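Read the figures in this text as sums done on the coordinates, not as results from a lab. Because the structure is a prediction, the values reported are computed rather than measured. Here the Cβ positions follow ideal geometry from the backbone for every residue, glycine too, while neighbour counts run over all protein chains shown.
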Amino acid sequence: MPRPTSFSRSTGPAFWLRILAWGVWGLASGSALAQSAGAAKACPAPQRMQVHSQAPVTLRFVGDLVLGNSHLVDNIPAEWDAMYFGQVESYLKNTDLTLGNLEGALTQYTKTLKVTGTGRSYAFRFPPRYAKLLKDTGFTALNVANNHARDFGDQGFADTGENLRQAAIAVVGLKGQFATLQVKGLRVGLVGFGFYPHQNMVQDLAAAGQLIAQAKAQSDYVVVTFHGGAEGDEAVFHGNSNEIFLGEDRGNAVAFSRAAIDAGADLVVGHGPHVLRAIECYQGRPIFHSLGNFVGVGGLSIRSMAAMTAIGGVQLGPKGELLGLEFLPLRFSERKVPQSDEREDASHLVNWLADNAKFSGQFLRVPANEASRKALVDWASKTIPSAKVRD
Ligand SMILES: [Zn+2]
């Protein structure tokens, strides 16, 4: 791995302070020591996310962002700007990189080919000024390889990219492309995948591998983010098999994620099922199989399994070495925005999914408030009777 150039140049007092802070942090974290001592294929145990990470480099991730729809887009009250991320903004801001999935178009173009108003079809359109709101909230990169970014056609899609670029947000998920961000001298490559032919497709493992390898050749750390999988309560579980939803082939998330890591990805972050999924460690590299929704204003459900969400994160050393994993359990408010959850139900859910996974692998458990574990497990077992509980 090439030494990051700007890092080797910064040898002033700040540099040495950072090295010292990193050393102290490493000593306090047994998992980080174990990782560097050669437990080659293991991942660090996830920790509760704190607002401020002590690691040299921190990257954080969220799932689907829906900030309005075609019906309410022109009538969104100004006070909503502060509502969307009010309770979680500090976690999104105090990072070196924050990536989410923008599940809609930032455009004033009003023509959609989607048949809306009936059934399960939505057209998601957000005010263009929200590009700046997202930037001010902490987002440095957004994935547009999903099933709603083109709800307003090529024009809406082009506008979305332009609005994001004007707000200095990296656009992730364009076909045949990857984004590279300089993060404290670390070159972070970001590659986004969806399940449609005009996107980098989760179904095409050969093409995916090639693109990821290209990104790896030009990056110190590669994040693959993908939108795929079935939706709904039952979708918290998935197997190592193709998922079909609404007649669409939405890929084999397990095979894709592992192939991505085999091709050079250091981390895989999934979304699309609108619910959380388990966290896996494959070849010493983490896979957040799904981070669910993150903001659902204007269309996403917050019922049942979709009531819970989370922020995931990785803590890296100056050369991109994985020092730690972070997880922040959250619950949706009635307004469909994320808020804190003392019961930490999202953590219990992720652990329950790890304990009952439908495919074999090495799963990661997150810390959780023990007093509320049984209630969540009982509820989840009743909600999804097909899940075999080994509790
Ligand atoms: Zn979607």
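Here nothing in the chain passes the span test, since no DSSP H helix has an alpha carbon length of 30 Å or more along the helix axis and a Kyte-Doolittle mean of -1.0 or above.
Converting phi to 3J(HN,Hα) with the Karplus coefficients 6.51, -1.76 and 1.60 and the offset θ = phi - 60°, the range 308-318 yields 10, 8, 6, 10, x, x, 10, 10, 10, x, x Hz in sequence order, with x at every glycine or proline.
Across the range 62-77, rounded Karplus estimates of 3J(HN,Hα) from the backbone phi angles (6.51 cos²θ - 1.76 cosθ + 1.60, θ = phi - 60°) give 9, x, 6, 10, 10, 10, x, 9, 4, 7, 9, 4, 8, 10, 6, x Hz, Gly and Pro being marked x. Applying 1/(1 + (r/R0)^6) with r as the Cβ-Cβ distance of Leu72 and Ser386 and R0 = 35 angstrom yields a FRET efficiency of 0.45. Across every pair of non-identical alpha carbons in the chain, the mean reciprocal distance, once inverted, gives a Kirkwood radius of 20.9 Å. Model label points for Asn240 and Asp204, set 7 angstrom from Cα along the Cα-to-Cβ axis, are 2.5 nm apart. Taking amide H positions as modeled 1.01 Å from N, with prolines and chain starts lacking one, the residues under 5 Å from Gln362 and 5 or more places away or on another chain are Cys281. For Val183, the residues whose modelled amide H falls within less than 5 Å of its own, excluding neighbours fewer than 5 places apart on the same chain, are Val188. Restricting to the range 5-383, compute how many DSSP beta bridges are antiparallel as a %, nearest 5. Taking every DSSP beta bridge within the range 5-383, about 50 percent pair in antiparallel fashion.
Straight-line cross-link partners of Lys216 among the aspartates and glutamates, defined as a Cα under 15 Å from its Cα and at least 8 positions apart when in the same chain: Asp262, Asp266, Glu321. With r defined as the distance between the Cβ atoms of Glu79 and Arg48 and R0 fixed at 22 Å, what FRET efficiency is calculated, to the nearest 0.05? Plugging the Cβ-Cβ distance into 1/(1 + (r/R0)^6) gives 0.10. For the range 94-112 versus the range 148-182, the inter-centroid distance based on Cα atoms is 8 Å.
Pairs of Cα atoms nearer than 8 Å and 6+ residues apart set the relative contact order; for the chain it is 18 percent. Rg of the Cα atoms in the range 247-374, relative to 2.2 N^0.38 Å, amounts to 1.08.
Between Phe193 and Thr225, Phe226, His227, the built amide H atoms are under 5 Å apart, and every one of these is 5 or more places off in sequence or on another chain.
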